[in-house]
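Have a look at the structure below, then the notes.
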Amino acid sequence: MKRTPALLALLALSLTGCATIEPGAVGVKTNAYTGSITGKPLGAGFHLVGIGSRVFEFPTVVGTINLDNFRVNTREGQEITVDVRVQYKPEFSTSNDNVVKLYERYKKPFDGSNGLAASRWEPVIQQAAGYAFSQSGVIEVYQSRGARVASLMKQVLQKGLKTDIVDIDGIGDDFVIVETVAISDINLPEAIKRSVETKAQIEQETLSAKQALERSRMESERLRIESQGRADAALIEAQGRAKARTALGISPDQYTQIEIVKMKTDAIKESPNLMIVPESAFLDARSLMDGPRPDRRPAKKP
């Protein structure tokens, strides 16, 4: 029977083995029988891998692992449920052998219930979350929306944590950069939630009262400084006048007369038609209006 070229090509491919790597991933080619790695990482595209080879894909783009309704205990031992989202960036490419080293370390594919993400990274995230929440009180977690917990989790996930009572291997050792950790849907028991909200309201009212008291204190201080400034200015002015009188060698009454003359001069300059009446004229007019004084008797006629 005559075989067509297309059929021959298909038969050749089936005998040689082939694999297609999706964009955003690299492939690891292994021996299907021994599990050992054969060759370098495979980039995106179509590859002839040969009979008896198996190819596993590992992502090169940002990925996310979610822990929904995850139960944790706070520093007080209070159990709460939260949603945890961890975004990571693998450092895998065809230009390095990180993915080869990772597969040799765990002998696991990336996906699946027994894959690297589910069996290795998720348990580490759970351990980091349990530790981070145990370092914060329930009120702090609720009011800050888990910000401190998320920051601590990111640090532990990237670098790991080893103490006498804690031993967490960071996924950063698996050629991964932890980009973000987010905590959401923090669910407290209803009684605890009401207590936390009441305490938060009291703290806010106390803070508002302190701020109002501080504003009042600052305003009083401002008025005191202004009043003191005016008093100091008046004192300086008075001292200056006293020094001026002393320098001129005149008495206070003479200085007062000089000031009156100066005021009259300034008034005439501003209003040329103004008539200045001498003080003696007012005294003479008053004596005429008042008439003879009762203690004075008319002179006797000769």
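The values are calculated or read from the model by the stated rules, or taken from the named source; none is laboratory data. Values in this document were obtained by computation on a predicted structure and should not be read as measured data. Note that we place each Cβ from the backbone using ideal geometry, even for glycine, and neighbour counts take in every protein chain shown.
Worth a mention:
- For region 150-178, a tally of residues being closer than 17 Å to LEU116 by Cβ, part of a loop (DSSP other than H, G, I, E, B) and not small (Gly, Ala, Ser) returns 2.
Residues checked against (1) more than 23 Å from the chain's Cα centre (by Cα); (2) over 30 Å from ILE202 (Cβ atoms); (3) small (Gly, Ala, Ser):
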site: PHE92; (1), (2), (3): yes, yes, no
site: SER95; (1), (2), (3): yes, yes, yes
site: LYS101; (1), (2), (3): yes, yes, no
site: ARG105; (1), (2), (3): yes, yes, no
site: LYS108; (1), (2), (3): yes, yes, no
site: ILE125; (1), (2), (3): yes, yes, no
site: TYR131; (1), (2), (3): yes, yes, no
site: TYR142; (1), (2), (3): no, no, no
site: SER151; (1), (2), (3): no, no, yes
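- Filtered residues of region 156-181 (kept if among the aliphatic types (A, V, I, L, M) and surrounded by 17 or more Cβ atoms within 10 Å (Cβ to Cβ)): VAL156, LEU157, LEU161, ILE168, ILE171, VAL176, VAL178, VAL181
Residue by residue, here is whether (1) assigned by TED's automatic domain parsing to the domain that holds VAL72; (2) surrounded by fewer than 20 Cβ atoms within 10 Å (Cβ to Cβ); (3) among the basic types (Lys, Arg); (4) in a loop (DSSP other than H, G, I, E, B) holds:
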residue: TYR131; (1), (2), (3), (4): yes, yes, no, no
residue: ARG145; (1), (2), (3), (4): yes, yes, yes, yes
residue: ARG148; (1), (2), (3), (4): yes, yes, yes, no
residue: ILE183; (1), (2), (3), (4): yes, no, no, no
residue: SER208; (1), (2), (3), (4): no, yes, no, no
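- When ARG85, ARG120, ARG71, ARG75 are checked against the criterion of being farther than 26 Å from PRO189 by Cα, charged (D, E, K, R) and not assigned by TED's automatic domain parsing to the domain that holds THR20, a single residue qualifies: ARG120.
- So ALA32, is it at pLDDT below 95, in contact with a Lys or Arg (Cβ under 6 Å, 6 or more places away or on another chain) and farther than 17 Å from ASN96 by Cα: yes
- Exactly one residue out of ARG245, ARG215, ARG241 is of a type in the set (Lys, Arg) and modelled with pLDDT of 80 or more, and it is ARG215.
- When GLY170 is tested against (1) modelled with pLDDT under 85; (2) assigned by TED's automatic domain parsing to the domain that holds GLU76, exactly one condition is not met: (1).
- Residue in region 90-116 that is surrounded by the most Cβ atoms within 10 Å (Cβ to Cβ), counting only those that are more than 14 Å from THR60 (Cα to Cα) and of a type in the set (Phe, Trp, Tyr): TYR103
- Comparison of THR94, THR38 shows that the only residue that is of a type outside the set (Lys, Arg), outside the structural domain of ALA182 (by TED's automatic domain parsing) and modelled with pLDDT under 95 is THR38.
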